[in-house]
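Below: the structure, in structure tokens.
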Number of protein chains: 2
Amino acid sequence: MFRILSRIPSVCFEATRVLSLSASAAIKVTPPDLSQRFSKKRRHKRSDLLRIMATPEIEKQLEPLRLAVKEYGDKIRALKEQGASKNEIAPLVVELKARKKRLEDRELELAPIDEGFQRERLEDLLKRRFFYDQSFAIYGGVTGLYDFGPMGCSMKKNMLDLWRRHFVLEDEMLEVECSALTPEPVLKASGHVERFADWMVKDVEKGDCHRADHLIKDFCEKQLQDAKTSEETRAGLTDVLAKLEGFDNKDMWAVIQKYNIKSPTTGNDLSEPVAFNMMFATQIGPTGDMKAFLRPETAQGIFLNFKRLLEFNQGKLPFAAAQIGSGFRNEISPRQGLIRVREFTMCEIEHFVDPAHKDYPKFEEVKDVELMLLSACNQMDGKGAEKMAVGAAVSAGIIDNETLGYFMARTHLYLIRVGIDPQKLRFRQHLANEMAHYAKDCWDAECLTSYGWIECVGNADRSCFDLEQHTKATKVKLVAEKKLPEPKMVSVVEAMPNKAAIGKAYKADAKKIIAALEELTTAQVEELDKIVTSGGTYSLEVEGFEKPLEFTSSLVSVKRYEKKVHVEEVVPSVIEPSFGIGRIMYSVLEHSFRMRDGDEKRTFLALKPTVAPINCALLPISSNARLEPIVARVKRELTKNGISCKLDDSSGSIGRRYARTDEIGIPFGITVDFESEAEPQTVTLRHSESMKQIRLEISELADLVQKLSNETMTWADAQKKYPAFETKESE
Amino acid sequence: MFRILSRIPSVCFEATRVLSLSASAAIKVTPPDLSQRFSKKRRHKRSDLLRIMATPEIEKQLEPLRLAVKEYGDKIRALKEQGASKNEIAPLVVELKARKKRLEDRELELAPIDEGFQRERLEDLLKRRFFYDQSFAIYGGVTGLYDFGPMGCSMKKNMLDLWRRHFVLEDEMLEVECSALTPEPVLKASGHVERFADWMVKDVEKGDCHRADHLIKDFCEKQLQDAKTSEETRAGLTDVLAKLEGFDNKDMWAVIQKYNIKSPTTGNDLSEPVAFNMMFATQIGPTGDMKAFLRPETAQGIFLNFKRLLEFNQGKLPFAAAQIGSGFRNEISPRQGLIRVREFTMCEIEHFVDPAHKDYPKFEEVKDVELMLLSACNQMDGKGAEKMAVGAAVSAGIIDNETLGYFMARTHLYLIRVGIDPQKLRFRQHLANEMAHYAKDCWDAECLTSYGWIECVGNADRSCFDLEQHTKATKVKLVAEKKLPEPKMVSVVEAMPNKAAIGKAYKADAKKIIAALEELTTAQVEELDKIVTSGGTYSLEVEGFEKPLEFTSSLVSVKRYEKKVHVEEVVPSVIEPSFGIGRIMYSVLEHSFRMRDGDEKRTFLALKPTVAPINCALLPISSNARLEPIVARVKRELTKNGISCKLDDSSGSIGRRYARTDEIGIPFGITVDFESEAEPQTVTLRHSESMKQIRLEISELADLVQKLSNETMTWADAQKKYPAFETKESE
């Protein structure tokens, strides 16, 4: 999963993340990473399998596994109805998750084989044509850090531009750009300092570190492949694998001891799992006393600017703020390419809304958008995802509210627009136990890749948690004012410090003490009233004093009165769609990777014109100098219209040159040939996905390519408008 | 200055940066920060003065100061001709800089007063309307860190988009995006670990830190304002201020001792100045043994990808790579708003070129662009900047080569395009002593602001330094191959390890030793040949061995032969334009800040339509419901065409509402009034800078606003095409 949500304290982290020491915390499903589960040879075959079409035969085989899940789903529901405690339910949840995992693994195993995809070929292409590659490679490289080359950089930029148009512009969001360096108190308040961690074990002699769950997984898989492993051990290991995602540090330590697991690199003993905080620490300024971190997400910057943004919006709710920027997470041992990295681009939206009114004015526009929903309920029942209109899902209470539903639909539309295969996209709801206590509803948009189902976007209703945490930490009220339908009378109770007496008793400190008394909550004032009116002494801790101070009726009294109010303060709820751009980009690349029929060697990327790194290729059919002025004319026309174009006038055959431009996903190709010379000059335009060509005048070219590139016109339309051009692409 | 160039080892850092311990290193001119030199009251007046028009009367007063500079300029030139050493020249350079500073201070003092600019009013506007503001303000704020609000974020995005179009697209650069986290060895090779530092003093009791030069400056200025300070002390302090930029740690320590300077906050003693490295340190991975920094500039990422980029460019020189991204510098005590910050956006270009061919094919296109050039020669002569066509400057040898000249001209055009006032822009050449030994030529584009002349873009010919440093550190050859006009024969001399004998002698280490022998340079092989053929023993340090190993003729021999080569290896030179976007943005804001004639209270930003945060404002003249459908129609038309628009249907007078949109630099305003109802429906369009209005049909509106916004049409053209609309903007 993409740990966008992992700042939610205690239960929204990945299972093996350190959250709280209660077992109930540890119940987040991570999509099965089958690729790691098999030998290198089998892995590639396995990665080919991942398709979601199921036949009746397959369903028959899955039936008992589905029932097994449902059995535990029902048990848990029954216990909950009886009001059982979290601790009573926790072990059943662990078993539920294990059964769900067995079901999902089997589903993927049984899915029909798709021969079209070989991950290592895609990876070779991305490296060779410099979409992206490991950072600092000439210095040996650093895992989890990637540099984007010209192709990747351009594709990413196009995805971000589209994101900005689709979300920020169309929904008039307030875009901000906040600092990545973040002082410690901010991340203490958000919960990251305490809880944003993974369990790690250390080689007791060498000090090498391993992520505890990865280490156990690798160990179990290796043992299972060993023919000498006994049936009994085999069963135990399989059970560990199924339950691993639910394990906390104690569970994992028990496994390490039971199977006597050693360091895989040295064979040395391992330490007990310890929490490793995944934020990169640094210091701001020269004295070393301002501890800071690189932000693990961009959201906190938005929360801290809430007051400025509310004011910018003339004090009115609802409004949404958005941010595009880098996040940093110090993974213990990242693998899986762009899926799990240490530095990445996120796009986050925080929509602030009156908790009493989560309807959305533009919901009507998206209500018929159909989503694949894997609801919590279906998960408990061992069922798969179901297609449903978002309007129906909100009406049925499956999605909590219109605002959340609106953003899920918009997320779906964006993902399709950038090139995610709708067949490989689902929204998975968090189980009640996965969500933080304050969260209302969470749905992850997951894309199916050769790594399994990958969380690419989190959509969460986070209630008012974040603003309240920062209010607590700073005493700055992060609230909006809401006009009441009609004014109302409210009772007010306030502490009234006897300023003269306090001044006399505390001199220079008096101001601070008076402020502390004035800041008491209603409940505290009521308690104070009770105590001092009965002649007692009220104790209060005041910053800067070692011991609590004592107050009697001579120092403080209580005032009660009625007040007419026209507005009330509201702590807004926050609906948060959070996008991991690298993960979406990788999924798009996998979903766009194709092989030419009958020519395995010729692979290409069928990228959408709006995200393709380059708009078109320009290829003179020969290097004859006669064609040069025509090529120059075409190039000039395109540049003038802001169309990017890759000129390839090298000497290879036209077919080979097209193969090279197809490979990097250039959607259209222009050929200048000897027919081009006749007035009015013409060229051919080729659609790389279908390899079909049309012929048109150069004067019309720029306009057509522009329309095709911004998708205001389709290739089919172009084919209707212009005559086809037939040719054979010789190799 | 913008320390983009400061990675150039030893002499291109700011004077007070720690570079090398030789005095000659310390000679970088920082623009005088007059604002800090006067009492608060005077400071604002002072900041008003900064204009560069000089009258004959002023020139007369400046004449003696100019001659004083020239006197030392001539002395230094004479010494250089005699071949004097750096140490002999250094003290004269310090005096030259002091005289230059006196001249420049006086120039600014004498410049005619411009009443139009008050910095605190601009700052108030930028904060109030959330262009940008201090980060983490509710937690007390962190100096040197800023958050950009919706207005600043949009303006910055527009500046970056324009940068990409102007440079990356128009010159077909290869854009990359590299990691900000950077392992230590990379920054060791680049020179940053050793030299990217400022001098710092510490309060010996409390440990508070101060930047040494800032502390001395503040002390001197305070003493000079004190009427009790004696004339003698006054002269000494003035001299310190003039020379401060040239001081190293020892000079500054001498001043601190002489004047008995104490901590300004506590009055405690201060430590000797120590070097403080300005990079933010962190660690990658869990073990703590991979030390890393946040990159202080984006350029290193490009150098490390040189081979991939060269391959992407089919092995051909020249080519340019570009990167837009964050840089991080841990300033000791940042002040001056966006001018000196700890986290900032840079745009850097590294143009790789054959050192033998620095001509530029497109130079012809820019040769007539006129630049204000403050050449090194003029600086030595005490003269000011001169206007000159870039073609003439290259021909005259003032600018070293066409490529550098091309980028300077393109930089100039970009800066004008985003809104820098051409009257407040100059290119200042580094003096020979300011440049690193390997650099050929450096010109800073400086913008005049209320902070003085601010370096906004560095344009440097960095020769082959960076690639060579990384080659040394990694042993990966960062070179291009150049086809020779005709093949040539070259003599080759190689060490021939006796593999069998070495294998026998060193067993498992043999491979490493053989590799070390094969890596010897030609000079080393010649030496080895001389020694072993005469029966001697050649010593060589090999990694992993404590002592040098010894080789006799039984272990290694030398082979000589002739080889026919068709290509030669070239280490490309690098021309680097490096942009500090925050500084440019701040300068644009200062240069665009205006006051309405006769209405001091009404300020506005005359931003260029291409960088303005919002394209247009939309204001119904009254809240009458009759106008609503027309407003909705206009909004729809604009959104459909991708035009951003701020609707203000609040109840204020139209004049007051326009004042609010003018204030944030919205260049055009649309008014819907009761005349709009008549078919065909019309609106008025208002140009905020001139407050003139025209009337046109709604059907033509989107097209016109789009053309005005992307500057394919001017307001004057629009006025010619559409009838004027006269109205009085009531307050």
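Points worth noting:
- Alpha-carbon centroid distance for the pair segment B:586-627 / segment B:322-350, whole angstrom: 29
- With contacts taken as Cα pairs under 8 Å and at least 6 residues apart, segment A:614-721 reaches a relative contact order of 28 percent.
- Under-5 Å amide H pairs with residue A:374, H placed in peptide plane, nonlocal only: A:386, A:427, A:428, A:429
- Neighbour-count ranking [beta-carbon atoms within 10 angstrom, fewest first] of B:645, B:377: B:377, B:645
- 3J(HN,Hα) couplings calculated from phi for segment A:158-172 with the Karplus curve 6.51 cos²θ - 1.76 cosθ + 1.60 (θ = phi - 60°) are, in sequence order, 5, 5, 5, 4, 5, 4, 5, 5, 5, 9, 4, 6, 5, 10, 6 Hz; Gly and Pro show x.
- The share of alpha-carbon pairs in segment A:484-566 lying farther apart than 23 Å comes to 27%.
- Comparing Cα centroids, segment B:681-711 and segment B:402-418 end up 31 angstrom apart.
- For chain A, averaging the sequence separation of C-alpha pairs within contact (under 8 Å, six or more residues apart) and dividing by the residue count gives a relative contact order of 13 percent.
- Extension gain, residue A:703 back to residue A:625 (0.36 nm per residue minus Cα-Cα distance, nm): 25.4 nm
- Hz values of 3J(HN,Hα) by residue in segment B:205-214 - Karplus curve (6.51, -1.76, 1.60), Gly and Pro given as x: 8, 8, x, 4, 10, 9, 6, 4, 5, 4
- Counting neighbouring Cβ atoms within 10 Å and putting the fewest first, the residues B:490, B:341 line up as B:490, B:341.
- Counting only Cβ charges, +1 for Lys and Arg and -1 for Asp and Glu, the dipole size of chain B around its Cα centre is about 700 debye.
- Extension gain for the segment residue A:235 to residue A:257, taken as residue separation times 0.36 nm less the Cα-Cα distance, is 6.2 nm to one decimal.
- Ratio Rg/Rh, restricted to the protein assembly as shown and using Cα atoms, in which Rh is the Kirkwood radius: 0.97
- On the principal axes of its alpha carbon atoms, chain B extends 106, 68, 56 Å, with the longest extent given first.
- Sequence-distant contacts, meaning Cα pairs under 8 Å at least 6 residues apart, place the relative contact order of segment B:49-112 at 65 percent.
- Share of Cα-Cα pairs in segment A:197-277 lying beyond 19 Å, as whole percent: 32
- Extending 7 Å from the Cα toward the beta-carbon at both residue B:172 and residue A:79 defines two label points whose distance is 6.7 nm.
- Among beta bridges from DSSP that stay inside segment A:614-721, the antiparallel ones total about 55%.
- In range of the label at residue A:508: residues from segment A:535-573 whose backbone nitrogen is under 19 Å from the point 7 Å along Cα→Cβ: A:542-547
- Among A:208, A:226, B:354, the ranking by other beta carbons within 10 Å of each residue's beta carbon, starting with the fewest, stands as A:226, B:354, A:208.
- Averaged over the residues of A:179-188, the number of partner chain Cβ atoms lying within 10 Å of the residue Cβ comes to 5.
- Placed amide H near residue B:622: partners under 5 Å, 5+ positions off or other chain: none
- Proximal charge balance of residue A:92 [Cβ under 14 Å; K/R count +1, D/E count -1]: +4
- Secondary structure note: in the protein assembly as shown, about 90% of the DSSP beta bridges are antiparallel.
- Per residue of peptide B:318-328, the mean number of Cβ atoms on other chains within 10 Å of the residue Cβ is 2.
- Electrostatic bookkeeping for residue B:167 treats Lys and Arg as +1 and Asp and Glu as -1; over the other residues with beta carbon under 13 Å from its beta carbon, the sum is -3.
- With 0.36 nm allotted per residue and the present C-alpha distance subtracted, the residue B:269-residue B:534 stretch has 88.9 nm of extension available.
- Pairwise centroid distance, computed over Cα atoms, of segment B:419-479 with segment A:510-567, Å: 63
Read the figures in this text as sums done on the coordinates, not as results from a lab. This one's a predicted model, so the numbers in the text were calculated from it and none came from an experiment. All Cβ positions, glycine included, derive from the backbone under ideal geometry; neighbour counts span all protein chains shown.
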